[in-house]
Amino acid sequence: MEVAWSPRYGTGIEIIDDQHRELFRIVDRLRRMVSGGMDRSLVEDAIVDLVACSEQHFATEEAYMAKMAYPDLEAHITEHLAMLGSLQDLLAKFRESEQAMALVVPTFMEGWLRHHISDGDFGFVSFLKSRNLV
Ligand SMILES: [Fe+2]
Ligand SMILES: [Fe+2]
């Protein structure tokens, strides 16, 4: 089933929503590649792309949160580091595994994204709303 961004993930912050949409697009591209038996090196490229886009997205969020003096910034940075760590683990395992394709489980990736947005970023949105900043 398609892994897609939906309005319920909307934060109301345009640049963050755009980046979340892009992350969903990459995860969905990976899902299609894996289910279509795509060449392993292309799948690896897509995972590398996901890591790079995630790094860029997290840096954007952290800069924005710092600008807004978000009190939970440190905890959010720790969460971002853990998420990047799990993606980098996946990439490392993918590179060394015989059953590489089976490791790219779309449900894991979708859960990873949903968790990041719903449990993490929405805390920031609540903070902005409480200060009438959004
Ligand atoms: Fe985010
Ligand atoms: Fe985040």
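Please treat every number below as a calculation from the coordinates, not as lab data. Source: prediction; values computed, not measured. Glycine also receives a Cβ, built like all others from the backbone with ideal geometry; neighbour counts cover every protein chain displayed.
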- Item | Positive-end residue, segment 15-130 charge dipole about Cα centroid, Cβ charges, pick of 37, 78, 26 | 37
- Taking 0.36 nm per residue of separation between residue 132 and residue 21 and subtracting their Cα-Cα distance, the length gained on full extension comes to 37.5 nm
- Note on the structure: Taking Lys and Arg as +1 and Asp and Glu as -1, residues besides residue 87 with C-beta under 12 Å from its C-beta add up to -2
- Task: Mind grabbing the base-10 log of I(q)/I(0) for segment 42-93 at q = 0.27 Å⁻¹? Debye formula, identical points on the C-alpha positions, no solvent, two decimal places.
- Result: -0.99
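Please give the charge dipole size of the chain, origin at the Cα centre, charges +1 on K and R Cβ atoms and -1 on D and E Cβ atoms. Round to the nearest 20 debye. Present the calculation step by step, with values, prior to reporting the outcome.
Numbers: 13 positive and 22 negative charges, 67 e Å.
The dipole magnitude comes to about 320 debye.
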- Where in the chain lies the longest segment free of GluC sites (Glu not before Pro) that are both loop residues by DSSP (not H, G, I, E, B) and have at most 13 other Cβ atoms within 10 Å? 3-97
- Give me 103, 50 ranked fewest to most by other Cβ atoms within 10 Å of their Cβ, as a rough exposure proxy. 103, 50
- Note on the structure: In Å³ per residue, the alpha-carbon convex hull of the chain encloses 90
